[in-house]
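> Right, I'll just put the structure down here and ask away after.
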Amino acid sequence: MGDLIIVRGGGDIATGTIHRLYRSGFNVLVLEAEAPCAIRREAAFCEAVYEGSKEVEGVLCERADSVSHACRMLKEGRLPILADPQGEAIMELKPEVVVDAILAKKNLGTNRKMALLTIGLGPGFTAGQDVDVVIETMRGHDLGRLIYQGSAMADTKVPGSIMGVTDKRVIYAGTDGKIRNIARIGDRVKQGDPLALIETADGRQVQVKASIDGVLRGIIRNWYEVKRGLKIADIDPREDEQKNCFTISDKARCIAGSVLEAAENWKFRFCTGKLR
C-alpha cells in the first residue's frame, strides 16, 4: 500500500502526529498496547482500543480486529488502530515509514530494518543506528528539531513548566490497585479535592487528591490496574484553559510538524535523488 506510515503508540503526543499525517493524505495505521494507559485520554486516539472509536479534532480513529481488517479500513480511507504491541503488522505490511511515538524513554524494539524511513520520538533512540531520524521532544528551543546523527536530550523526569508549576501538577499512584475515578477530565479542582480512589488487593481505598488548583487535564482510565509510581493524573493550573483538555497540545503539534517534514523530505529525496 503506497504512502503507508505505521505509528507505534496512540497517546496524546502520538495523536498529534497521527492527526497531522492523516490530514496530509498519508495512509496511517496506529499500533498500540493491549491496554493503553493514556492520561490525556480526551486527546488520545488510543482510547479507541477500549471504545471501538475515538474522535479527536474532527478525525475519527477506529479499532481494527486484525491486520486484514486494518487493510480494508485503509483502502476505504479510514484511520485504523490495532492492538499490536510487538509491531508484528510491520513485517507483514512493509510500510514505507515507521514512527515510534511510544515515548517510553527507551527503545522497545524499533529498528531501521522495519521501513525505508524510521523515526523515533524523544530519548532512547540514536539516529543513524537504531532509527534514521530522531525528533527532539524536550520543551525549549530545540523542541521538534530533526536529529540525523545522535540522540535527543535525556529525560529529566521533570514535567514541563506551566505558569511556573512543574512537579506539583503531575500526580502519581501512591500504591498498587484499581483506580476508581471521582473527577472527570475538564473538571475545575481545588488543592485537596478528591480525584479518585485506588482500591488495593487487601480491600483498602487510598484517596487520590488534587495537588494544586486548576483544571484536570488528564486522568488515567477508570478501573485501570495501576502500579505505585505510575503517572495517573495531570492538572493544568490555568483554570480558564478548560478547552485545552480536549484538543491536541502545542507540543504535540510541533512534534507532528517535524515528523511530517522528515517524511516529506525523505519522500522528495527518494523520488528525485536530490537533497533539499
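Computed from the coordinates by the stated procedures, all read-outs in this text should not be read as laboratory data. If you're wondering where the values come from, they're calculated on a predicted model, not measured in any experiment. Note that each Cβ is placed from the backbone with ideal geometry, even for glycine, and that neighbours are counted across all protein chains shown.
> Please work out, to two decimal places, the log10 of the ratio I(q)/I(0) at q = 0.14, 0.18, 0.24 Å⁻¹ from a Debye calculation in which every Cα of segment 93-171 carries one identical scatterer.
The Debye formula, applied to the Cα set alone, gives -0.48, -0.71, -1.05.
> Around Gly150, what is the net charge, scoring Lys/Arg as +1 and Asp/Glu as -1 over all other residues with Cβ under 14 Å from its Cβ?
My count for the surroundings of Gly150 gives -3.
> For n ≥ 4 DSSP H runs only, could you compute -39500 (n - 2.57) per run for the chain, divide by its residues and tell me the 222 nm figure to the nearest 500?
One gets -6000 deg cm²/dmol as the mean residue ellipticity at 222 nm.
> Given Cα pairs under 8 Å that are at least 6 residues apart, what percent is the relative contact order of segment 167-237?
Once divided by the residue count of segment 167-237, the mean separation gives 43 percent.
> State the extension gain, in nm to one decimal, for the chain segment bounded by Gln129 and Lys209, taking 0.36 nm per residue of separation less the distance between their alpha-carbons.
Details: separation 80, 0.36 × 80 = 28.80 nm, distance 4.35 nm.
Value of the extension gain: 24.4 nm.
> Right, next: What aspartates and glutamates sit close enough to Lys106 to cross-link, taking a C-alpha to C-alpha distance under 17 Å and skipping anything fewer than 8 places away on the same chain?
Here the aspartates and glutamates satisfying the reach criterion relative to Lys106 are Glu32, Asp130, Asp132, Glu136, Asp155.
> Here is a further query. Reachable lysines from Lys190, Cα under 21 Å, same-chain residues fewer than 8 places away excluded?
The reachable lysines, counting only those whose Cα sits under 21 Å from Lys190, are Lys168, Lys209, Lys231, Lys243.
> Among the complete DSSP H segments of the chain, which ones combine at least 24 Å of alpha-carbon extent along their axis with a mean Kyte-Doolittle hydropathy of -1.0 or more?
Values: long enough: 250-272 (33 Å, -0.14).
The answer, listed by residue number, is 250-272.
> Then there's this: Can you pull the Rg over Rh of segment 176-276, Cα-only, Kirkwood? Don't skip to the answer; put the middle values down first.
Numbers: Rg = 20.1 Å, Rh = 16.2 Å.
Ratio of gyration radius to Kirkwood radius for segment 176-276: 1.24.
> Express the Stokes-Einstein translational diffusion coefficient of segment 1-127 in µm² s⁻¹, to the nearest whole number, given a Kirkwood radius over alpha-carbon pairs, 4 °C and a viscosity of 1.567 mPa s.
92 µm²/s
> Identify the GluC sites (Glu not before Pro) of segment 1-73 meeting these criteria: DSSP loop state and at most 13 other C-beta atoms within 10 Å of the C-beta.
Details: sites: Glu32, Glu34, Glu42, Glu47, Glu51, Glu55, Glu57, Glu62; in loops: Glu34, Glu57.
In loop regions of segment 1-73 (DSSP not H, G, I, E or B), the sparsely surrounded GluC sites (Glu not before Pro) are Glu34, Glu57.
> Tyr50 to Lys94: FRET efficiency via 1/(1 + (r/R0)^6), r the Cβ-Cβ distance, R0 35 Å, to the nearest 0.05? Present the calculation step by step, with values, prior to reporting the outcome.
On the way: r = 29 Å, r/R0 = 0.82.
Approximately 0.75, to the nearest 0.05.
> Multiply the residue separation of Asp202 and Asn111 by 0.36 nm, subtract the distance between their alpha-carbon atoms, and state the gained length in nm to one decimal. Please list the in-between numbers first.
Numbers: separation 91, 0.36 × 91 = 32.76 nm, distance 4.25 nm.
Extending this stretch completely gives an extra 28.5 nm.
> May I ask you to list the trypsin sites (Lys or Arg not before Pro) in segment 187-274 that are in a DSSP loop and have at most 16 other Cβ atoms within 10 Å of their Cβ?
Lys190, Arg204, Lys227, Arg228, Arg238, Lys274
> Another question, then. Write down, largest first, the equivalent ellipsoid semi-axes of segment 110-245 in whole Å, where each equals the square root of 5 times an eigenvalue of the alpha-carbon gyration tensor.
The three semi-axes for segment 110-245 are 34, 20, 12 Å.
> If the cut-off is a Cα-Cα distance under 26 Å, which lysines reach Lys75, setting aside same-chain residues fewer than 8 apart in sequence?
Straight-line reach from Lys75, under 26 Å: Lys54, Lys94, Lys113, Lys267.
> Taking chymotrypsin sites (Phe, Trp or Tyr not before Pro) as exposed when DSSP calls them loop (any state but H, G, I, E, B) and at most 14 other Cβ atoms lie within 10 Å, what is the longest stretch of the chain free of them, the sites themselves excluded?
Maximal segment without exposed cleavage sites: 1-147.
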